[in-house]
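Peer 1: Right, I'll just put the structure down here and ask away after.
The values are calculated or read from the model by the stated rules, or taken from the named source; none is laboratory data. Just so you know, these numbers come straight off a predicted model, no measurement behind them. Every residue, glycine as well, gets a Cβ built from its backbone with ideal geometry; the counts of neighbours run over all protein chains shown.
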Amino acid sequence: MLCSSLWNYLSRARPIVICCVPGIPREIIITELRKRAVHIQWTKKSHYNLNNSSTVIFLIEERHHPGKHYTEAKLTKWTPFLTTDKTECFLKKAIKPGNWYQFKIAAVNENGTKGYSKTSYPFSTSVSPKPPKKPLDIAVSRLYKTKNGSINAELKWKEPPSDLPVQKYKLFWSIRLHGIKALDSVFVRHQFVSKEQKTFLLKNLSANSEYFLQLQAISQFGKQRLKSDKSNLLLNTTLYKKGVP
């Protein structure tokens, strides 16, 4: 609530008592620490007429873009990041590897603000991004028999956590036959699914059969594809619901 109200305060046009407003922060220094931690520090510019008892809050905004190389045109819009009453902050796991970041900082008190600092230099951690986690909560949401006697199954899932945006999914499915020694998967098929989709309709499955389903999330870092582990699911088409299209 405090963070939101402070940003609303900055966005309003209002009279400012210049002599009692904190100076614009300077010299933003970003230091990479261990274990995906980052330290951001800046210099508070004092004003000779500023009352020492006045509370100064620093508002930090960030913008970023994923990718191996920095490209200003790809940066997101400026977004509120955090507020603090100190001239430094420690960030743990808030900065994702494989992304470029920029920051700007404003100092504000009850009398107003002089605006944001100069934008920091582009920053990216030296840690390589990891592949996405495997897709979450994979399940069959609908299973029904068609007029021609085949089975349709609608698969659903949730997007997994990832250092980089998921670019697409790869779905594998195969019918399972009882072999002499074990269950063997045969006739493996696969289909790429766009990142916007979180469902996929498998059509013309055989009735009274068992299928082995696998789903993989894929992100991109330069020319390198980062592939997640596969989420697995067994589907038994004998469990279809009659009359559910």
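Peer 1: For segment 68-96, give me each residue that is within 16 Å of His39 (Cβ to Cβ) and in contact (Cβ under 8 Å) with a residue 40 or more places away in the chain. Please lay out each step first, then the result.
Peer 2: Narrowing segment 68-96 to residues within 16 Å of His39 (Cβ to Cβ): 81-82, 84, 86-95.
Leu82, Thr87, Glu88, Cys89, Phe90, Leu91, Lys92, Lys93, Ala94, Ile95 - these are the residues of segment 68-96 that are within 16 Å of His39 (Cβ to Cβ) and in contact (Cβ under 8 Å) with a residue 40 or more places away in the chain.
Peer 1: Looking at this structure, is Ala73 among the hydrophobic types (A, V, I, L, M, F, W, C) and either in contact with a strand residue (DSSP E or B) (Cβ under 7 Å, 6 or more places away or on another chain) or in the same structural domain as Ser162 (by TED's automatic domain parsing) (or both)?
Peer 2: no
Peer 1: Report whether or not Val127 is farther than 23 Å from Gln167 by Cβ and in contact with a Pro (Cβ under 9 Å, 6 or more places away or on another chain).
Peer 2: So Val127 does not fit the description; no.
Peer 1: If you don't mind, there's one more thing I want to ask. I'm checking my understanding of the structure. Among residues of segment 201-211 that are out of contact with any helix residue (DSSP H, G or I) (no Cβ under 9 Å at 6 or more places or on another chain) and surrounded by fewer than 18 Cβ atoms within 10 Å (Cβ to Cβ), which one is farthest from Lys158 (Cα to Cα)?
Peer 2: It comes out as Asn204.
Peer 1: Report yes if Val127 is under 30 Å from Lys227 (Cβ atoms), assigned by TED's automatic domain parsing to the domain that holds Gln214 and among the aliphatic types (A, V, I, L, M), otherwise no.
Peer 2: No.
Peer 1: Against the condition crowded, with 16+ Cβ neighbours inside 10 Å, modelled with pLDDT of 80 or more and part of a loop (DSSP other than H, G, I, E, B), how does Ile24 come out, does it pass?
Peer 2: Judged against the criteria, Ile24 is a match.
Peer 1: Looking only at segment 132-153, decide whether some residue is of a type in the set (Val, Ile, Thr) and out of contact with any strand residue (DSSP E or B) (no Cβ under 8 Å at 6 or more places or on another chain).
Peer 2: Keep residues of segment 132-153 that are of a type in the set (Val, Ile, Thr), which gives 138, 140, 146, 151.
This time we only want the ones that are out of contact with any strand residue (DSSP E or B) (no Cβ under 8 Å at 6 or more places or on another chain), so: none.
The answer is no; no qualifying residue exists.
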